[in-house]
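The values are calculated or read from the model by the stated rules, or taken from the named source; none is laboratory data. Everything numeric here is computed off the predicted structure, so don't read it as measured data. As a convention, Cβ positions derive from the backbone with ideal geometry for all residues, glycine included, and neighbour counts pool all protein chains shown.
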Amino acid sequence: MSTRSNQLPKDEGLDISKLLPKIIRKWPLILLSVIVCLGLAYLYLRYTTPMFRISARVLVNDEKKGGSALGAAADALGDLGGLLGTKSTVDNEAEILQTRYLMEQVVKDMHLNITYIKKGRVNDIEIYKSPFTVQFVVPEDTIKATGFDLELLKNGKISLKSGLLDTVVEFNGKITFPKVGTFIITKTPGQLFVQDERYKFSIVSIDEKVAGLMNDLSVSVGNKLITVIDLTINHPIPKKGEDILTELIHKYVQGNIDDKNEVADSTIKFIRNRLAFISSELGDLEGNIQGFKQKNNLADMTEQSKLLVQNTSSFMNELSKVETQLSILSNLQEYLKDESGNRVLPSSILPGDMVFTGLIDKYNALLLDRDRRLLGVTETNPVITNLDKQIKNMRTDMLANLISTKNGLEITKAQLQGQMKSVEGQVQQIPATERNYLNLARQQQIKQELYIYLMQKSEETAISKTSNIANSRTIDPPKSEFKPFSPKKSVVALVGLFMGLAIPIGIIYLLDVLNNKINTKEDITEATEVPILGEISHSDDSANLAVSDNSRSAISEQFRALRTNLSFYHNENEKTKVILLTSSMSGEGKSFVAINLGNVLAITGKRVLLMELDLRKPGMSGKLNTSNGVGFTNYVVDKSLTAKDIVKPLDIHEDLFIVSSGPIPPNPAETLLNPRTKELIDELRTQFDYIIIDAPPIGIITDAQLLEPHADVCLYLVRHKFTLKNQLHIVDDLFRTKKMKKIGIVINDIVLSDSYAYGYGYGYGSYGEEIAKKGFWKRIFKG
């Protein structure tokens, strides 16, 4: 005997072999779902705004890459430089290209925070070249995203609507809207304003628009061995996307040139300040000389004085150069001592000192690098902190170098002054008036040499500024792809097809998982080892009798099959066979099966008795239109009654009889336990070949178990799509514990549908009854 537990087996997962027939049966529903989903996919493709990918390429002149030994070593190290805290120029430039600051400049210059839209019947379309333009007069500091509906009226004015605002304005008239600001609407030259068309425009804050464009922008360095940056932006309007990317590259290149010009501008500013000061001093000296000559009536110096001037000219030139450099270094020292802000230093003004000039170039490069990195990060960023530390250390080194250079120049100046003293004796021998004039002339020459030198450096710096070019250039201008990258037609179609298949299949599977009622024969065989003795189809006839003498219907053949199967269950030595019918709950068709089983047995010439022993809710006598005035309960209570008094013949068949339940007793269980019950059944065994007992549901009360000792076979009814799966443990427990001997299952009310082919049945259509064909919608939504 099986040791199967009284619990239903757990679902071990998806069984394709069971699910597939159900899916095939619902093919109209799946076909309809596929058609609907593909239709939705078409509508999505039809009305979804396509997105185009606009690409450009920028070449960066990276001094770290090239043919030098150092460059080759850097290439060999590859990305190891990133681990050591260094980064190539192309990586830095890629970071700069995707800074918010650059995109903010583009948005402001192109007024991208204002979007123009042409309204359509189904969806609205953004337009780039709008027939009207919105210009801010006084924008709010924080603009709230707002949309406006606009329509050109016949009188040439504009109808403007937004929320509570509904007004008519004129072109170029000021419009003030809360949380937006004051703006005007103008006609765009060269664009036709169609009167019947409806337009609208939306205004968002600069920050919101910048954030949206930054999400659509992609900047990458595809190959580390080359210095090319790939830029990509996604936009629904190809031309507008190309212009945005072009403007972004332009802002980047202009910023790069501005960085280079900053050093030149600083040098020119320094030189011009010094020129203004030297020019003033030189003018004063020339005035003093002129006044000195007029006061002393000095027309010209003597030949001796001219000779002394010629002899000392070389010393004076050298001395003037030294003093010029000392003056420049003093000003640079003031620059470096000023720590109030980081300013770039004038470059290339000390050509003789290559070391100090190199330090200035490195110092300026660090400052520019710091400023460019601040476009994307804050001053608390570790990279900025590290740069600040390097700048501070560089300033200290430059001050030390500057002081050392000044000390060297002071020594040179002292030597030159010593050489000048050797001729001072000769100068003392010339007249005092000429000697004083010679001192003034010497000062004038020094200032004049300094002035000429600064003028020369100013011109050189100005020329070098005009030759400044960016360290990058566009090698592939922004260009949109021919086809939109989103939405992808093939992908959307596949998704539509997949959803069309997945949704109905998922629903079928979900309903199958959630279904707790018996639908297939496998639901029974997997839950219990109790044999199935019969399968009875659904009867559309309202009459309770579905079997007659000459009937060849499917249900008649099924009851005959049940009669045959019962013959294998009976003991041939027993003359009378008592069959007990029970179920899990009421409504599963015990009376229907009892009546028709009794009739199919009577047709064979057997005397058959139906006993209505469901004393709590009798129904068989009512279905057979038989009086229930005197029955089983009367026999038990009234000992004067005999079996003949309660056995009544039925009009259905001459060999078919019934014992009705009689009045409902107050104690049905005790009534069934009365000794007269056994006496009655024993007596009836002698009179009939078959006794069919219609007992109460065993899943609710125990009356059926009280009648089991009197029965030879127990038929446990299970109704298709009605009996719960977890109720099968009742019959399985009765089978395992042997509470009922020779128990078998009869499946009742099987719905004759497409599912019948895989669930139950043997194909009885050949016996003269065909399954009615269902309509299309019924086939879809019903099993």
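Whether a residue is closer than 20 Å to THR49 by Cα, among the charged types (D, E, K, R) and not in a helix (DSSP H, G or I) was assessed, and LYS240 does not pass this test.
Apart from one condition, VAL495 fits all of (1) under 30 Å from ASP732 (Cα atoms); (2) surrounded by 14 or more Cβ atoms within 10 Å (Cβ to Cβ); (3) not small (Gly, Ala, Ser); the exception is (1). Can you tell me which residues in the stretch 176-186 are crowded, with 16+ Cβ neighbours inside 10 Å and either in contact with a strand residue (DSSP E or B) (Cβ under 6 Å, 6 or more places away or on another chain) or of a type in the set (Asp, Glu) (or both)? Within the stretch 176-186, VAL180, GLY181, PHE183, ILE184, ILE185 meet the criteria. For the stretch 365-375, indicate whether the set of residues that are farther than 12 Å from LEU345 by Cα, free of Cβ contacts under 8 Å to residues at least 40 places away in the same chain and not in a helix (DSSP H, G or I) is non-empty. Looking through the stretch 365-375, at least one residue is farther than 12 Å from LEU345 by Cα, free of Cβ contacts under 8 Å to residues at least 40 places away in the same chain and not in a helix (DSSP H, G or I).
In the stretch 737-752, the qualifying residues are those that are under 13 Å from ILE579 (Cα atoms) and assigned to a strand (DSSP E or B), and the one that is farthest from the chain's Cα centre (by Cα) is ILE743. Of the residues screened, ILE701 is not one that is loosely packed, with under 15 Cβ neighbours inside 10 Å and either touching a residue at least 40 places away in the same chain (Cβ under 8 Å) or charged (D, E, K, R) (or both).
Scanning the stretch 510-524 for residues that are part of a helix (DSSP H, G or I) and without any contact (Cβ under 8 Å) to a residue 24 or more places away in the chain yields LEU510, LEU511, LEU514.
Count, please, the residues in the stretch 706-725 that happen to be more than 60 Å from the chain's Cα centre (by Cα) and surrounded by fewer than 17 Cβ atoms within 10 Å (Cβ to Cβ). Number of matching residues: 1.
Only one of these is aromatic (Phe, Trp, Tyr), touching a Phe, Trp or Tyr at 6+ places or on another chain (Cβ under 9 Å) and either at pLDDT 85 or above or surrounded by fewer than 18 Cβ atoms within 10 Å (Cβ to Cβ) (or both): PHE632, PHE688. Name it. Being aromatic (Phe, Trp, Tyr), touching a Phe, Trp or Tyr at 6+ places or on another chain (Cβ under 9 Å) and either at pLDDT 85 or above or surrounded by fewer than 18 Cβ atoms within 10 Å (Cβ to Cβ) (or both) holds for just one of PHE632, PHE688, which is PHE688.
Tell me which residues, restricted to the stretch 14-39, are of a type in the set (Ser, Thr, Tyr) and under 17 Å from MET499 (Cβ atoms). Within the stretch 14-39, just SER33 meets the criteria. Tell me yes or no: at least one residue of the stretch 536-547 is in contact with a helix residue (DSSP H, G or I) (Cβ under 9 Å, 6 or more places away or on another chain), assigned to a helix (DSSP H, G or I) and either of a type in the set (Lys, Arg) or at negative phi (or both). No, the stretch 536-547 contains no residue that is in contact with a helix residue (DSSP H, G or I) (Cβ under 9 Å, 6 or more places away or on another chain), assigned to a helix (DSSP H, G or I) and either of a type in the set (Lys, Arg) or at negative phi (or both).
Quick test for you: out of ILE681, ILE698, pick the one residue that is in the same structural domain as ASN628 (by TED's automatic domain parsing) and either modelled with pLDDT of 90 or more or under 60 Å from the mean Cα position of the chain (by Cα) (or both). Answer to the check: ILE698.
Show the residue pairs meeting these rules: Cβ distance below 7 Å; 6+ apart or different chains; first residue within the stretch 621-637 and in the same structural domain as GLU679 (by TED's automatic domain parsing); second residue assigned to a helix (DSSP H, G or I) and not aliphatic (A, V, I, L, M). Close Cβ pairs (under 7 Å, with a partner that is assigned to a helix (DSSP H, G or I) and not aliphatic (A, V, I, L, M)) amount to LYS623/SER591; ASN628/SER621; VAL630/ASP645; THR633/THR671; TYR635/ARG676; VAL636/THR671; VAL636/ARG676; VAL636/THR677. Filtering the stretch 488-509 to residues that are touching a residue at least 40 places away in the same chain (Cβ under 8 Å) and either of a type in the set (Gly, Ala, Ser) or touching a Phe, Trp or Tyr at 6+ places or on another chain (Cβ under 8 Å) (or both) leaves VAL492, ALA493, GLY496, GLY500.
Results for (1) within 25 Å of LEU213 (Cα to Cα); (2) in contact with a Leu (Cβ under 7 Å, 6 or more places away or on another chain); (3) at pLDDT below 90, shown as yes or no for each residue.
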{"residue": "LYS108", "(1), (2), (3)": "yes, no, no"}
{"residue": "TYR116", "(1), (2), (3)": "yes, no, no"}
{"residue": "ILE143", "(1), (2), (3)": "yes, no, no"}
{"residue": "GLY147", "(1), (2), (3)": "yes, no, no"}
{"residue": "LEU160", "(1), (2), (3)": "no, yes, no"}
{"residue": "GLY163", "(1), (2), (3)": "no, no, yes"}
{"residue": "THR186", "(1), (2), (3)": "no, no, no"}
{"residue": "PRO189", "(1), (2), (3)": "no, no, yes"}
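Which of the residues spanning the stretch 191-207 are modelled with pLDDT of 90 or more and surrounded by 15 or more Cβ atoms within 10 Å (Cβ to Cβ)? Of everything in the stretch 191-207, those that are modelled with pLDDT of 90 or more and surrounded by 15 or more Cβ atoms within 10 Å (Cβ to Cβ) turn out to be TYR199, LYS200, PHE201, SER202, ILE203, VAL204, SER205, ILE206.
Criterion first (of a type in the set (Gly, Ala, Ser) and modelled with pLDDT under 85) does GLY78 satisfy it? Yes, satisfied. Against the numbered list (1) among the hydroxyl-bearing types (Ser, Thr, Tyr); (2) in a loop (DSSP other than H, G, I, E, B); (3) crowded, with 20+ Cβ neighbours inside 10 Å, SER627 comes up short only at (3). Which one is nearest to the chain's Cα centre (by Cα), of the residues in the stretch 150-169 that are surrounded by fewer than 13 Cβ atoms within 10 Å (Cβ to Cβ) and among the charged types (D, E, K, R)? Once the filter is applied, the top-ranked residue is ASP166. A search for C-beta distances below 6 Å between a residue of the stretch 713-734 that is in contact (Cβ under 8 Å) with a residue 24 or more places away in the chain and within 18 Å of THR702 (Cα to Cα) and any residue that is of a type in the set (Phe, Trp, Tyr) and assigned to a helix (DSSP H, G or I), counting only pairs 6+ apart in sequence or on different chains, returns VAL713/TYR569.
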